[in-house]
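A quick write-up on the structure given underneath.
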Amino acid sequence: MAHRAIREADAKRLLSRSLKAQGFFKEYLRSIGVDASTDLETLPRSYPWLAGGHLVVKPDMLFGKRGKKNMVQLDISWTDAKKFLKANIGKKEKVDGKEGKLDHWIVEPFVPHKEEFYLSIRASNGSDTLMFSPMGGINIESNKDSVKTMEVPVGEGFDVETLKEKLLVGVKDKVLKEHLADFIMHVNKFFVDYDLVSLEMNPFTYTQEKTLRPLDLRVVLDDTAAFQQQANWGKDFSFPEAFGTVKGKEEQYIAELDAKTGASLKLKILNPEGRIWTMVAGGGASVIYADTIADLGHADEMANYGEYSGNPNREMTREYARTILEAMTRNPDKKGRPKILLIGGGVANFTDVAKTFDGIIDAIREYKTAIQKSKVKIFVRRGGPNYKEGLRMMRNLGEELKIPIEVYGPETHMTYIVRKALEQ
Amino acid sequence: MATKKTSSAKLFSDKTQSIIYGVQTAAIQRMLDFDFVVRRSTPSVVAVVDKTSTGYHKVFFGEKEILLPIYRTIEGAAKKHPEADVLINFASFRQAYVTSMEALQQPSIRTVAIIAEGVPERSARMLRKRALELGKWIIGPATVGGLRAGAFKIGNSGGTIENIIDSKLHRPGSVGFVSKSGGMSNEMFNVIAQNTNGIVEGIAIGGDRFAGSTLIEHLLRFEKDSEIKMMVVLGEVGGTEEYRIADAIKEGRIKKPVVAWVTGTCSEYMPKDLQFGHAGALAEGENETAKAKNKALRDAGAIVPDSFDDYDVKIRETYEALVKKGTIKPAEEPPIPNLPMTYAEARKAHQVRKPANIVCTISNDSGDELTYLGTQISKIIRENYTLGDIIGMLWLRKRLPEWATQFIEKVLIITADHGPCVSGAHNAIVAARAGRDLVSSLASGILTVGPRFGGAIDGAAKHFKAGWENDMKPEVFVEDLNSKGIKIPGIGHLVKSAQNPDMRVELLKKLAKKSFPATECLNFALKVEKVTLQKRNNLILNVDGCIGILMVDLLLGCGFSNEEINTIIDNGTLNGLFLLGRSIGMIGHILDQKRQKSGLYRHPYDDVLFLDDIAEY
């Protein structure tokens, strides 16, 4: 993983932390993340401004366009907010075609405003791209012409005059222009200092107190920077899954195994009734196997996506293989057709192929009866150190258990087994 | 971003030399093995950098061993080895940025390969920017590297020597290959070798979103490289870099045939946010999908298969067309020198045997679990083996019966200490108070163990066993030793006497009488004691003598042969019991002094008689 979005409440806290450290904000933005574990009754003790009412309540689940979806409660009292939250935390909802639970919400003061500005910063290869529009808000996409862009080469600063000239050319009010320039300079420093890869403030506004406030904020972090961001990021946030992502039993188990080992074990069940299952070594090769199944017109039969790499030990590969075999043999194909297991991979660099097969062979032995019952056909293709021994072991296993196992080495094109299997 | 690179098209030749950051024993050896197989005249590695070590790293270059100097800094290594223009950086993701920056600053370094995965994106982008400013190259991060066939290989690229030969990487072919994925590079070398005459150069730029050098930059380099006649690219879902390739083909900056495939066509059937194997493999927009990028490449004139499945066919067709046109003239295969096996490899392949220098018959830690005399340590703990059992197994190579192991343990307890005044404890105390550590103080005490202190056990066992064996009359036995001028070992005590017996001796005798099957040697010794007591009342059987003699009875009772017992005694085994037991006490005295923080011991003047005015010798 690398790019990870965080919740709006967390993003606002990180922004506040940075802007306060820079001396730009006097205090943190007023915004509270609320979930089922929050004690709503005692909350006003920590946040006295709640009692003043005039609140906004929005779901904080990484998806956007909440206004357009009519999911935002505007200018309500704390009593109403509390009532609403109690009724809606954990509510099931279908959003953008995905069903999930609305279990995280954000509560903020309602900010009466006229202007809505748009700001985004995005990392690209050589530079950070800043975009600004004085016509932000839910209709930004129809105001594309108003968006001004400025490229800041990575590692370089820029002066405030350049910023005004390039980004704020459309802002006529001189005082506002100064304010905006100052604000954007500080937000950009937050972007750089906190290892962000993208930030979007749509909209942010000018309050009656003449301060700039983000109304919505979306932040994506580079999670590989975690080791150097411990002080900035703190421990009080997590990287949430996208809305509606529910890990199945098998996926959960493999994710737990993955976390335990230095090797990599990944599993996503796409269609538990699918006929074609894969168990592929390596991140690059695993994508190619999935591609080929789709390219040959069998995407709808693809049951899973996953990969194992980084030299998992025998126990880990055994558990990985058991999990897949368990899932794929749970129910035989409804039409009585054979199921297919592709044990694939490219030519390994230094992994001992025979050794990684040990665990897989243990699992196949254990699931012999289930494999026969579900009429599973196994296709193997692999190269690399000690591959001849590995392939021989697989061939012998097939003969011993009376299970159809076809075995190929590096002299056969990597995805040949996909075509061969699909002929079944 | 426009490329400002001024360096020549070829980053590597068969003269290229490199510095390795990190003592990567296996990777370095693999590079040198490649060197040997491709018949390089000089090794491709000249130095190693490691923050914590200095000295030399020893490696094989063919059959010979050579030394690679180890430096603490990249700057130090680069200054001493200006001939090396490549730095291969094996630093961790935490250190990759600082070390790569340092490498880029060295005037002699032109290319930096960064192996680490998980380098923060901003760091990677800064490195790339610096490299561009300096007209240098970065390969990586998150890559195995790449290689130039028959010339130079980065670290672990290309896999084992067998694979290098199978994939024709030991001599140049005609294809320039570049991919994001390092893991797929070996597979692609294999695909290319099976369908063409092999690669000239293959580079994996790394799976991160922001690589230090890009696919297009390497392709433009390949375009200028006269050895390369066609190019193969393996791109990946995520990012927009493949459009730069399409542009370059359209604009005529790339004229050589390009066979391209962008992986990740399955992404439209997958959950939108599913992250594939690599950090960069996530489409953040419609134009970043594999489908869109494959189409753009195809439209621009690249040769793009319908699927990875016929990638090989497209590569072959392109190659064969070039052969037909005469652009590529397949060359004769060069002979491949046989890489000498290392001893470890040869052993694994059952190709070699060698007499061992050391034979061990008591314990084994080379398997899954430590064993003592063939018994697993887990069984020893589970079944409550005693210290006496372990001494039997490790000293005498025998499981001893319970009566024997109990006796041995009693001997250890009885000999454990004898107060602070005996020579061993005294020496240990003096050394401890001089501020020496535990080991030195104990050694100081142990070094007093010898014929006059504690060391009489072996001697007593030997002489009394001989007397008993030969059925000597006790009087004759005493006379015989006297006439030879030998003080009878095990007889006599400075303090104890017949009227004031040594309790330890009484205890041991009692225990042996009760539990041993027979105590014949002791019975003989007691008769001898009667004779010696007639001479003086302190000529009693002392504790050393008693232990030695009873150990003879013990060994006899345990079924050791006469011959075996003689060997056991001659080897000093029985003195070992005193040594082991007394070490417990000496350690106690040392710790006792240290606990009290006792100062330096100095012997009092009034305890020394000074006679320095007597005549000289």
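The values are calculated or read from the model by the stated rules, or taken from the named source; none is laboratory data. This one's a predicted model, so the numbers in the text were calculated from it and none came from an experiment. Reconstructed Cβ throughout: ideal geometry from the backbone, glycine too, with neighbour counts over all protein chains shown.
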(message) Being away from every other protein chain (no Cβ under 12 Å), surrounded by 23 or more Cβ atoms within 10 Å (Cβ to Cβ) and within 21 Å of B:THR16 (Cβ to Cβ): is that true of B:ARG148 here?
(response) yes
(message) Condition check: in a helix (DSSP H, G or I), surrounded by fewer than 23 Cβ atoms within 10 Å (Cβ to Cβ) and of a type in the set (Lys, Arg). Does B:ARG130 satisfy that?
(response) yes
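Residue by residue, here is whether (1) of a type in the set (Phe, Trp, Tyr); (2) in the same structural domain as A:GLU209 (by TED's automatic domain parsing); (3) touching a residue at least 24 places away in the same chain (Cβ under 8 Å); (4) within 21 Å of A:PRO214 (Cα to Cα) holds:
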{"position": "A:LYS144", "(1), (2), (3), (4)": "no, yes, no, yes"}
{"position": "A:PRO153", "(1), (2), (3), (4)": "no, yes, yes, no"}
{"position": "A:VAL171", "(1), (2), (3), (4)": "no, yes, yes, yes"}
{"position": "A:LEU180", "(1), (2), (3), (4)": "no, yes, yes, yes"}
(request) State whether the residues of the range A:309-332 include one that is β-branched (Val, Ile, Thr) and within 24 Å of the chain's Cα centre (by Cα). (result) yes
(message) Condition first: within 13 Å of chain B (Cβ to nearest Cβ) and under 20 Å from A:GLU399 (Cβ atoms). Now tell me which residues in the range A:343-365 satisfy that.
(response) A:VAL353, A:ALA354
(request) Look at the range B:346-378 and say how many of its residues are among the hydroxyl-bearing types (Ser, Thr, Tyr), free of Cβ contacts under 8 Å to residues at least 12 places away in the same chain and within 20 Å of B:ARG399 (Cα to Cα). (result) 2
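Just name the residue that is nearest to B:LYS314 (Cα to Cα) out of those in the range B:163-173 that are within 12 Å of chain A (Cβ to nearest Cβ) and surrounded by 24 or more Cβ atoms within 10 Å (Cβ to Cβ). Reasoning before the result, please.
Residues of the range B:163-173 that are within 12 Å of chain A (Cβ to nearest Cβ), as a first pass: B:163-164, B:166-167, B:169.
The next check asks that each one be surrounded by 24 or more Cβ atoms within 10 Å (Cβ to Cβ); those that pass are B:164, B:167, B:169.
Details: B:ILE164: 23, B:SER167: 18, B:LEU169: 21 Å.
Going through the qualifying residues, I end up with B:SER167.
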(request) For the range B:306-337, enumerate the residues that are outside any helix (DSSP H, G or I), within 46 Å of the chain's Cα centre (by Cα) and within 14 Å of chain A (Cβ to nearest Cβ). (result) B:SER307
(request) Name every residue in the range B:62-80 that is of a type outside the set (Val, Ile, Thr) and crowded, with 19+ Cβ neighbours inside 10 Å, in order of residue number. (result) B:LEU68, B:TYR71, B:ALA77, B:ALA78
(message) Whether any residue in the range B:115-135 is within 8 Å of chain A (Cβ to nearest Cβ) and at positive phi is what I want to check.
(response) yes
(message) It is to be established whether one or more residues within the range A:77-84 are loosely packed, with under 13 Cβ neighbours inside 10 Å and assigned to a strand (DSSP E or B).
(response) no
(message) Would you confirm whether or not the range B:144-157 contains a residue that is in contact (Cβ under 8 Å) with a residue 24 or more places away in the chain, of a type outside the set (D, E, K, R) and under 25 Å from A:PHE191 (Cα atoms)?
(response) no
(request) Tell me which residues, restricted to the range A:362-386, are surrounded by 19 or more Cβ atoms within 10 Å (Cβ to Cβ) and without any contact (Cβ under 8 Å) to a residue 40 or more places away in the chain. (result) A:ILE378, A:VAL380, A:ARG381, A:GLY383, A:GLY384, A:PRO385
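May I ask you to say which residue of A:GLU399, A:GLU389 is within 14 Å of chain B (Cβ to nearest Cβ), over 23 Å from A:LEU265 (Cβ atoms) and part of a helix (DSSP H, G or I)?
Within the list A:GLU399, A:GLU389, the selection yields A:GLU389.
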(message) Would you confirm whether or not the range A:27-37 contains a residue that is among the small types (Gly, Ala, Ser), part of a loop (DSSP other than H, G, I, E, B) and without any contact (Cβ under 8 Å) to a residue 60 or more places away in the chain?
(response) yes
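Looking at the range A:159-193, which of its residues are assigned to a loop (DSSP other than H, G, I, E, B) and crowded, with 16+ Cβ neighbours inside 10 Å?
Keep residues of the range A:159-193 that are assigned to a loop (DSSP other than H, G, I, E, B), which gives A:159, A:167-173.
A:LEU167, A:LEU168, A:VAL171, listed by residue number.
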(message) For the range A:227-278, give me the residue count where each residue is more than 13 Å from chain B (Cβ to nearest Cβ), out of contact with any strand residue (DSSP E or B) (no Cβ under 9 Å at 6 or more places or on another chain), of a type outside the set (Lys, Arg) and part of a helix (DSSP H, G or I).
(response) 4
(message) If I go through the range B:247-268 residue by residue, how many of them are touching a residue at least 12 places away in the same chain (Cβ under 8 Å) and surrounded by fewer than 24 Cβ atoms within 10 Å (Cβ to Cβ)?
(response) 10
(request) Evaluate the following for B:ASP417: is it without any contact (Cβ under 8 Å) to a residue 40 or more places away in the chain and acidic (Asp, Glu)? (result) no
(message) Being outside the structural domain of B:PHE189 (by TED's automatic domain parsing), under 31 Å from the mean Cα position of the chain (by Cα) and in contact (Cβ under 8 Å) with a residue 24 or more places away in the chain is the requirement here; does B:VAL98 meet it?
(response) no
(request) Among residues belonging to the range B:361-392 that are of a type outside the set (S, T, N, Q) and at positive phi, point out the one that is surrounded by the most Cβ atoms within 10 Å (Cβ to Cβ). (result) B:LEU373
(message) Here are the criteria: (1) under 18 Å from A:TYR387 (Cα atoms); (2) within 10 Å of chain B (Cβ to nearest Cβ). Tell me which single one A:GLY284 does not satisfy.
(response) (1)
(request) Could you grab the pairs with beta carbons closer than 7 Å, sequence gap of 6+ or different chains, first residue in the range A:219-243 and over 20 Å from A:PHE191 (Cβ atoms), second one of a type outside the set (A, V, I, L, M, F, W, C)? (result) A:PRO240/A:ARG7; A:ALA242/B:ASP273; A:PHE243/A:LYS98; A:PHE243/A:GLY100
(request) Filter the range A:290-342 for residues that are free of Cβ contacts under 8 Å to residues at least 40 places away in the same chain and away from chain B (no Cβ under 14 Å) and give the result. (result) A:LYS335, A:GLY336
(request) Go through (1) touching a residue at least 60 places away in the same chain (Cβ under 8 Å); (2) surrounded by 24 or more Cβ atoms within 10 Å (Cβ to Cβ) one by one and return the number of the condition A:PHE357 breaks. (result) (1)
(request) Among the helices (runs of 4 or more DSSP H) lying completely within the range B:539-608, list those that include at least 1 residues that are of a type in the set (A, V, I, L, M) and farther than 23 Å from B:GLY467 by Cβ. (result) B:573-596
(request) Say whether the condition of being surrounded by 17 or more Cβ atoms within 10 Å (Cβ to Cβ), in contact (Cβ under 8 Å) with a residue 12 or more places away in the chain, part of a helix (DSSP H, G or I) and of a type in the set (Ser, Thr, Tyr) is met by at least one residue in the range B:516-523. (result) no
